[in-house]
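Notes follow once the structure below has been shown.
Values quoted throughout were computed directly from the atomic coordinates according to the rules given, and no laboratory measurement underlies them. Fair warning: this is a prediction, and the values are worked out from it, not measured in the lab. No Cβ is skipped: glycine too gets one built from the backbone with ideal geometry, and neighbour counts run over all protein chains shown.
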There are 2 protein chains.
Amino acid sequence: MNIAVIGVGLIGGSIGLAARQRLGATVRGFDSGDGVLDAALRRGALDHGCASAAEAVEGADTAFVAVPVGTLAEAVDETLAAAGEAGVVTDVGSTKRAVLADRADPRFVGGHPLAGAETSGVEHARPDLFEGATWYLTPTSSTSGMLYERLHRTLGGLGAQPAAIDAGAHDRLMASVSHLPHVLANVLVSQAAAAVSDQREPLPATGPSFRDATRVAGANGAIWTDIYLANRDALVEGIDQTVRRLREVRESLAAGDAGSVSGWNAAAADDRRRLLEAQLAGGPVHELRVSVPNRPGVVAQIALALGRAGINIADMALYPAPDMSEGVVALWFGGDEPADRAQALVADLGFPVARP
Amino acid sequence: MNIAVIGVGLIGGSIGLAARQRLGATVRGFDSGDGVLDAALRRGALDHGCASAAEAVEGADTAFVAVPVGTLAEAVDETLAAAGEAGVVTDVGSTKRAVLADRADPRFVGGHPLAGAETSGVEHARPDLFEGATWYLTPTSSTSGMLYERLHRTLGGLGAQPAAIDAGAHDRLMASVSHLPHVLANVLVSQAAAAVSDQREPLPATGPSFRDATRVAGANGAIWTDIYLANRDALVEGIDQTVRRLREVRESLAAGDAGSVSGWNAAAADDRRRLLEAQLAGGPVHELRVSVPNRPGVVAQIALALGRAGINIADMALYPAPDMSEGVVALWFGGDEPADRAQALVADLGFPVARP
């Protein structure tokens, strides 16, 4: 099997590693960045570094275009122009309507793996990056069924779970769960920064809610300006909805309507639970809060004990004390029975555990 | 020294533990919850469990009212009525304007320790909960200077850093850094839940930005409805500002104005850095991203190595891979020199490390 990777960063590099190690594929790659191909070859992500996208795509069964959103359209066109009749071309861009707009080529399928947002660069590439990850594909009526099936099978071979979705629905979903949280993080930090300088007050060590909500504020500008603009239609709709929702709760607050505020908060708690449950497709989600000393191996000890008992941790968050001497680990579990067993197991390990 | 604690939960219990262990104080407590006093006595948070607030406050030099915001005003009045002329009374409520509004008593000083938001209950109380934590005090023109000084000294003895702030400024600051993030978390989850059910799409395993931003969504309704309402004036102002800011970026997006979107994002990055720097009162803040295998002790190994080198971790976040086999630890450091040393040190430990 011959694979081409155009753009060998974290995603492209991980595709190369997984394709070589898990599928025994021969991987040819191209990247315009200084020294990137050398680094990718050293890391074992490629068999051959090529001088152009056209050279990399020669003889490829499947070509992945994994360049930043800003240069994506151009790179896809270049790759399609060079690919043979029997080659399928896909991209990994985080928005899909724009790249599909003018491309009715039966060989092109839009794609978006949900993996690897936290780091970048081929040095962080790893062969299991896509293990268990949703990989959205956005086939259209002009997509070749045969080529789509091949791409689907290849992604499964990389460890991912391919899922077909309408390109518009994909972009609206991403606006809700990724782009809008980034916008709100930006708004929150700028507003807090303004409040601090208006009030000439020293900023306290902010609590976990602010830290968590603003961790992605001002995320990599070179990447995110392109992402915001590529998905601007869905994002503008999302912002309008957010403004409507904020106005509703503002009215309840201004009126001092405790019943309405309480109902609104309870609905959010239900929605959070439903979202976690939808992700797990399992039972109801429960949270445990475990107080732990910060000595070597404590978090791993808990995670491993739960793993050995076959209990899956749906989500976790660490809240270290300022001096790192102690902290709280929040753990989320799907289903009553796993949560009960997890609680008993963690208590047996000797840690105070509570359900908030 | 005699200390009274009215309401012996996480905060009240930790005050009791710290006062007994660090100040050698005698601590008398009252709590209306079933079995709470017994649990507090077992935990060593109190010397005496009392049948009423009035009984607990008898002979106290300092009385802490640590009940939920909803019953705070009543409990403060009861405590003031029973306290002697020479006793100082303070509360630990998360908003300050409301509790001060009708209280010009020279013995009362509003207070708010920034600690312990993640768990509740005396079973999680610990003597070092306030170690290094900001503890806001809101003295007014009618506050007794002598009693204020005693309270300030007592809080220092508990390990906290007392800081005087105008009650209105306090509430606006808390709206920015705590209450508004909670409101936005609620809005985000409800909007995402609506998007998923509108589009009949399975929800993907959402990325860290959504998980982080919505972790507090629907937080404990019994507590948070009261907090929102107690601070509703400042919160309504904060929401209005957020709406204005959202409209601005919406216009830039709708117009496809890349320069404006990019400038807005860069300003947020600057604001985040400034906020972190303000907290640290040190140099510029740098982020490192470390790829780690999830084997026992890895995170602790890094934290301890940095600790031994005298490098302070300003903030950290763990992003485990779905299967928990690997992950990324994001670490923030104040100042160029500590960040450079941390990067070299972590690299020496054999972990791939990058500055995003």
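Amide H contacts for B:ALA164 (H built 1.01 Å from N in the peptide plane; partners 5 or more residues away or on another chain; cut-off under 5 Å): B:LEU137. A straight line joining the Cα centroids of the range A:96-129 and the range B:1-66 runs 58 Å.
DSSP finds beta bridges in the protein assembly as shown, and of those with both partners inside it, around 50 percent are antiparallel. Can you figure out the FRET efficiency of B:HIS48 with A:SER142, using R₀ = 60 Å and their beta-carbon distance, to the nearest 0.05? It comes out at approximately 0.15. For B:ALA63, nonlocal amide neighbours, meaning residues 5 or more places apart or on other chains whose placed amide H falls under 5 Å from its own, are B:ALA4, B:VAL88, B:VAL89, B:THR90. Here the Karplus relation 6.51 cos²θ - 1.76 cosθ + 1.60, evaluated at θ = phi - 60°, turns the backbone of the range B:72-81 into coupling constants of 5, 4, 4, 5, 5, 4, 4, 5, 4, 5 Hz, with x for every Gly and Pro. Each of B:ASP270, A:ASP336 has some number of other Cβ atoms within 10 Å of its Cβ, and from fewest to most they run A:ASP336, B:ASP270. Other protein chain C-beta atoms within 10 Å of residue C-beta, averaged over A:129-141: 2.
The spacing between the range B:140-165 and the range B:235-250, judged by their C-alpha centroids, is 36 Å.
As a calculated quantity, the FRET efficiency between A:ASP34 and B:GLU149 at R0 = 56 Å, using C-beta atoms, amounts to about 0.35.
Plainly put, the range B:133-174 has a radius of gyration that is 0.99 times its Kirkwood radius, both from alpha-carbon atoms, as the Rg/Rh ratio.
Put simply, the amide H of A:GLY93, placed in the peptide plane, has neighbours under 5 Å in A:GLY111, leaving out anything fewer than 5 places away on its chain. Listed values for the range B:58-63 are Karplus-derived 3J(HN,Hα) couplings in whole Hz (6.51 cos²θ - 1.76 cosθ + 1.60, θ = phi - 60°), namely 4, x, 6, 6, 9, 10, and x replaces Gly and Pro. Computed from phi, the 3J(HN,Hα) profile of the range A:40-57 under the Karplus parametrisation 6.51, -1.76, 1.60 (θ = phi - 60°) reads 5, 5, 4, 6, x, 7, 9, 8, 9, x, 10, 8, 7, 4, 4, 5, 5, 7 Hz, with x in place of Gly and Pro.
Here the sum of -39500 (n - 2.57) over DSSP H runs of 4 or more residues, divided by the residues of the protein assembly as shown, equals -15000 deg cm²/dmol at 222 nm, to the nearest 500. Once Rg and the Kirkwood radius are both taken over the C-alpha atoms of the range A:2-165, their ratio Rg/Rh works out to 0.92.
Site pair B:ARG308 and B:ALA86 shows an inter-label distance of 5.2 nm when each label is modelled 7 Å from Cα along Cα→Cβ. Put in order of Cβ neighbour count within 10 Å, fewest first, the listed residues B:GLU85, B:GLU237 become B:GLU85, B:GLU237.
The Cβ shell under 14 Å around B:ALA254 holds other residues with a net charge of -3, Lys and Arg each +1, Asp and Glu each -1. Binning the C-alpha pair distances of chain B at 10 Å intervals from 0 yields a P(r) profile of 5, 19, 26, 25, 18, 6, 1 %, listed from the shortest bin outward. Taking 0.36 nm per residue of separation and subtracting the current Cα-Cα distance, fully stretching the chain between A:LEU23 and A:ALA347 would add 112.3 nm.
Can you pull a Stokes-Einstein diffusion coefficient for the protein assembly as shown at 10 °C (1.306 mPa s), Rh from Kirkwood over Cα pairs, as a whole number of µm²/s? In µm²/s, the coefficient rounds to 59.
If neighbour count is taken as other Cβ atoms inside 10 Å, put B:ARG247, A:ARG28, B:ARG22 in order from fewest to most.
B:ARG247, B:ARG22, A:ARG28
Label-point spacing at B:PRO106 relative to the other copies reads 9.3 nm, in ascending order, each point sitting 7 Å out from Cα along Cα→Cβ.
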